[in-house]
Amino acid sequence: MKNIVLIFTLLVSAGILPSAYAEWTKVSKNRKATYYIDFNKVREVDGYLFYWILGDYPKRTKNGDLSGMAYQQTDCKLFRYKVIHVKFYKEPMGNLGDRDSIKHHVPNGDEAEWEYPDPRSSVEHTLRTVCDFEYSQKLE
C-alpha cells in the first residue's frame, strides 16, 4: 500500500496528474476560456516563477478539446512569460476521461520565446495575479 501512495505522490508532483488533484483558483476569464492556477504549486527558481495554468473552454475547440494546460515560466521583473509545455484535453478542467483523450504539444521546449501580454488582456491579469501572489508570499 505504501508503494501505491508513493507512486501516486510522485505522479502528482511530477505534473503527470496535475488537474484532478490540484487546487485550482480562478484568475481570469475571457470569451475563449476561464483560467485557473494552482497557487500551491507555483515555484520560484533563479528569480523566475514556474506554474501550470489551466484554461477551461465554454465549448469544444475545432480539435474537440474542452480544456488545456500550459506550464509557464514568468519573469515578474520584466513582466513577460514563456510557454514551456502545453497539453490539451477532451474533458473539462483538464480531466483525462478515457486514456486516449489527452494530446501533448511542446511549442519550443527550452527554446520558447519570451512573450509580453497585451494591455488589459486576461494574460496580463493572470501574470499580475501570479506576480502579486509571489510578492505577497515573500512579505509573510
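The values are calculated or read from the model by the stated rules, or taken from the named source; none is laboratory data. Note that the coordinates shown come from a computational prediction; the quantities given were computed from them, not determined experimentally. Positions of Cβ are backbone-derived with ideal geometry, glycine not excepted, and every protein chain shown enters the neighbour counts.
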Flag if Asp110 is surrounded by fewer than 17 Cβ atoms within 10 Å (Cβ to Cβ) and modelled with pLDDT of 90 or more: no
Pair list, Cβ < 8 Å and 6+ apart or interchain, from region 50-79 residues that are in contact (Cβ under 8 Å) with a residue 60 or more places away in the chain to residues that are exposed (fewer than 13 other Cβ atoms within 10 Å of the Cβ): Tyr51/Arg43
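Taking the condition modelled with pLDDT of 90 or more, in a loop (DSSP other than H, G, I, E, B) and touching a Phe, Trp or Tyr at 6+ places or on another chain (Cβ under 8 Å), does Pro117 pass?
Here the answer is yes, as Pro117 does meet what is asked.
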